[in-house]
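Remarks on the structure that follows.
Values in this text are rule-based calculations from the coordinates and carry no lab data. Since the structure is predicted, the reported quantities are computational estimates derived from the model, not experimental observations.
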Ligand SMILES: Cc1cc2nc3c(=O)[nH]c(=O)nc-3n(C[C@H](O)[C@H](O)[C@H](O)COP(=O)(O)O)c2cc1C
């Protein structure tokens with residue numbers, strides 16, 4: 001099963017989560033800013049934050065132009081100050097017939113002096129567990 005992680009980040013949390021999953025599960029990791037060539041993936045973990053209630057513009061642009069040929073299914077891992085899901089990103093991917101796992105891993109991410117210390121060690125460990133479970137689930141189907 002061809003699997004990878006892409007991330008979009010402003011303050012580094014998504015990169016930290018993505019790299020932790022990558023290290024544990026030995027998966028390639030790509031920064032959306034580097035415009036990675038995503039092709040023929042069975043499963044892609046998309047890790048990012050929420051900014052003014054929205055998705056990172058680069059990530060949304062990629063999602064709007066994505067196809068089933070590039071990626072069959074996506075699992076979202078999202079950090080924000082208030083545990084928000086990636087509504088616009090999910091809609092853009094679903095609109096292109098890409099399967100987006102219903103379960104999204106949500107965790108708190110600090111912003112300036114608010115929610116300091118998040119995502120913490122245990123939230124990052126839970127993100128790794130989420131990724132492991134998602135892969136197991138995909139393999140059993
Ligand atoms: C410019 C900016 C705007 C943000 N807007 C929101 C927001 O509207 N709602 C929210 O819950 N969190 C908001 N946050 C918090 C981020 O979602 C949170 O810090 C997240 O962990 C950032 O991920 P990153 O470090 O990978 O960029 C904002 C953060 C930044 C830097």
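Classify the range 52-104 from the C-alpha gyration tensor, please: rounded if a/c falls under 1.5, else prolate or oblate depending on whether a/b exceeds b/c. It would help to have the intermediate numbers written out before the result.
Details: a/c = 2.49, a/b = 1.51, b/c = 1.65.
Taking the square roots of the gyration eigenvalues as a ≥ b ≥ c, the range 52-104 is oblate.
Taking the DSSP bridge list for the range 3-139 and keeping only pairs wholly inside it, about 10 percent are antiparallel. The alpha carbon centroids of the range 105-122 and the range 36-84 are separated by 20 Å.
Build a GNM of the chain with springs between Cα atoms under 10 Å apart, and of 79, 122, 52 the one that fluctuates most is 52. Working note: Debye formula, equal point scatterers on the alpha-carbon atoms of the chain, no solvent; log10 I(q)/I(0) at q = 0.17, 0.21 Å⁻¹ is -0.86, -1.37.
When the chain is treated as a GNM with alpha-carbon contacts under 10 Å, the residue of 24, 61, 34 showing the greatest mean-square fluctuation is 34. Using the alpha carbons alone, the radius of gyration of the range 1-52 stands to its Kirkwood radius in an Rg to Rh ratio of 0.96.
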